[in-house]
1. Against the definition (in contact with a Gly (Cβ under 8 Å, 6 or more places away or on another chain), crowded, with 22+ Cβ neighbours inside 10 Å and either outside the structural domain of N82 (by TED's automatic domain parsing) or touching a residue at least 60 places away in the same chain (Cβ under 8 Å) (or both)), how does F162 come out, yes or no?
2. Being within 19 Å of the chain's Cα centre (by Cα), among the hydrophobic types (A, V, I, L, M, F, W, C) and surrounded by 14 or more Cβ atoms within 10 Å (Cβ to Cβ) is the filter here, so list the residues in segment 111-155 that pass it.
3. Pairs, please: C-beta under 8 Å, at least 6 apart or cross-chain, first residue farther than 21 Å from D73 by Cβ and in segment 125-149, second surrounded by 12 or more Cβ atoms within 10 Å (Cβ to Cβ) and among the aromatic types (F, W, Y)?
4. Please go through segment 81-107 and give me each residue that is under 15 Å from R133 (Cβ atoms) and either among the aliphatic types (A, V, I, L, M) or surrounded by 19 or more Cβ atoms within 10 Å (Cβ to Cβ) (or both), ordered by number.
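The values are calculated or read from the model by the stated rules, or taken from the named source; none is laboratory data. Note that the structure is predicted; figures quoted are calculated from it, not measured. Because the Cβ atoms are built from the backbone with ideal geometry, glycine has one as well, and the counts that use them run over all protein chains shown.
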Amino acid sequence: MTIKDNMRESPGRWRVVRWIALAAVIVVIGIGAVFGSRLGEDPTLVDSPLIGEPAPSAALPYLEREGLLSLADLHGQIVVVNFWASWCVPCREEHPALVAAANNYKDAGVAFVGVNFQDQRGAAVAFLDELGRGDSQVYHYVTDPDSRLALDFGVFGVPETFFIDRTGTIVGKISGVSDYRLLSSALDQMLSGRAPESRIEGSVQPAPS
């Protein structure tokens, strides 16, 4: 029996098949429209349970000199906390932007804290020797023994960058590579009394096992 014979003998069945196919097409188009509209809004926005919470205040050893630094010591300033490591490829990409932002905003009451994450001190210092350091008056490089501060911030990979306002409250976060445009936009919003939008700008790199 040919296909045409089947169609002549079972017209109702073929109508059902055509309706099912049409419904499938409509569903696919609808799903595409939903995802398209979500992407059009801003797929980079991400919520963090830490936004609006006080920043952790553990005292951490400086990377290249004696002494300890606590984020509580920086109350009254806007603080950018960046978790980084020498083995982190994206950290190399964003480092110049962090240094430039620290230097350009130092007169605006903005401090930067670079928290070295699960790294060797010698490798971290070599990283800074190669790529440069921010102004030591406003850019503080610290270590994080046992990843205490990283755990408090919920960090599981690098780079991650947090923004803390003058009251010591976490108000924004960038997960992944930051650039100068993102950093300056967030800082300008904070300096004008607004909270920056938290963003995912790429994947973070977990610590090597």
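1. Working: in contact with a Gly (Cβ under 8 Å, 6 or more places away or on another chain): yes; crowded, with 22+ Cβ neighbours inside 10 Å: yes; either outside the structural domain of N82 (by TED's automatic domain parsing) or touching a residue at least 60 places away in the same chain (Cβ under 8 Å) (or both): yes.
Yes.
2. Answer for segment 111-155, where residues must be within 19 Å of the chain's Cα centre (by Cα), among the hydrophobic types (A, V, I, L, M, F, W, C) and surrounded by 14 or more Cβ atoms within 10 Å (Cβ to Cβ): A111, F112, V113, V115, F117, L149, A150, F153, V155.
3. The qualifying pairs are L128/Y141.
4. Those that are under 15 Å from R133 (Cβ atoms) and either among the aliphatic types (A, V, I, L, M) or surrounded by 19 or more Cβ atoms within 10 Å (Cβ to Cβ) (or both): N82, W84, S86, C91, E94, H95, A97, L98, V99, A100, A101, A102.
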